[in-house]
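Only one structure is covered here, and it is reproduced in the block below.
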Amino acid sequence: MEDLSCAIGPSWRALPQLPREATGTVFGNGSHPTTRLCAGAVDLLCRQRQPEAVLDVGTGTGLLARIARARGAHFIVGTDIDPFALSCAAAHSALDAHPVQIHFSHEAPDYWGARFGLVVANILEEPLRHLALALSRALLPGGLLLLSGFTRLQTPALRVHYEKTGVTCIRESYLDEWSILMFELRLTGVAA
């Protein structure tokens, strides 16, 4: 497998060389089916719904946060438990020379309160289970939650688990054996 380091940039220009300490293998280079599912969904939803604030949990290289920023979000947070991923994401974000800053942090998803019109988490099933309540609490009423990082076989149980937090599944899609779930925090329902 080719080592793409952690360099991602606009396809229309050559990538600048990142310092050696800012390179390495970080998930989210755009090639994995779950990243492609999430990237397409974030792009479309930001164009359609124009959320003011977007949260990217497990940001990796920061790709999804950068898409949200490019599509007009004004407050974007990318979180990750890996300090190296956060530094890599910050380096990628700087490549865009965009006036809106992306805030990269290790904080829990609900640290900012119910602020986000769109929350995306492309991480493994077990961390998704652990973060279910925190992810739901980060949503504004009417906000959307995108989950990926798991297979078709894991989808039904994860869907039920999340619906117990007060969100409603409104769509599921697949690419190869991988899944993406879209939930909405209904205006009348509030996560406990």
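The values are calculated or read from the model by the stated rules, or taken from the named source; none is laboratory data. This structure is a prediction, so every number in the text was calculated from the model and none was measured. Neighbour counts are summed over all protein chains in view; Cβ atoms, including those assigned to glycine, are modelled from backbone coordinates with ideal geometry. We work out accessible area using only protein heavy atoms, side chains counted, and drop any ligands, DNA or RNA first. Shrake-Rupley method; radii C 1.70, N 1.55, O 1.52, S 1.80 Å.
Within region 88-117, the set of residues being more than 26 Å from L181 (Cα to Cα), surrounded by fewer than 18 Cβ atoms within 10 Å (Cβ to Cβ) and of a type in the set (G, A, S) comprises A90, A94, A97.
Just one of the listed residues (A157, A134, A121) is outside any strand (DSSP E or B), hydrophobic (A, V, I, L, M, F, W, C) and closer than 23 Å to A53 by Cα, namely A134. Across region 76-89, a minimum of one residue is classified as closer than 21 Å to L139 by Cα and among the small types (G, A, S). Scanning region 126-146 for residues that are charged (D, E, K, R) and farther than 12 Å from E163 by Cα gives E126, R137. When restricted to residues that are open to solvent by less than 70 Å² (accessible area, probe 1.4 Å) and free of Cβ contacts under 8 Å to residues at least 60 places away in the same chain, region 118-128 contains 2. Residues that are touching a Cys at 6+ places or on another chain (Cβ under 8 Å), without any contact (Cβ under 8 Å) to a residue 60 or more places away in the chain, outside any helix (DSSP H, G or I) and open to solvent by less than 20 Å² (accessible area, probe 1.4 Å) do not occur anywhere in region 41-59.
Of all residues in region 160-192, which are among the hydroxyl-bearing types (S, T, Y) and either open to solvent by 50 Å² or more (accessible area, probe 1.4 Å) or in a helix (DSSP H, G or I) (or both)?
Y162, Y174, T188
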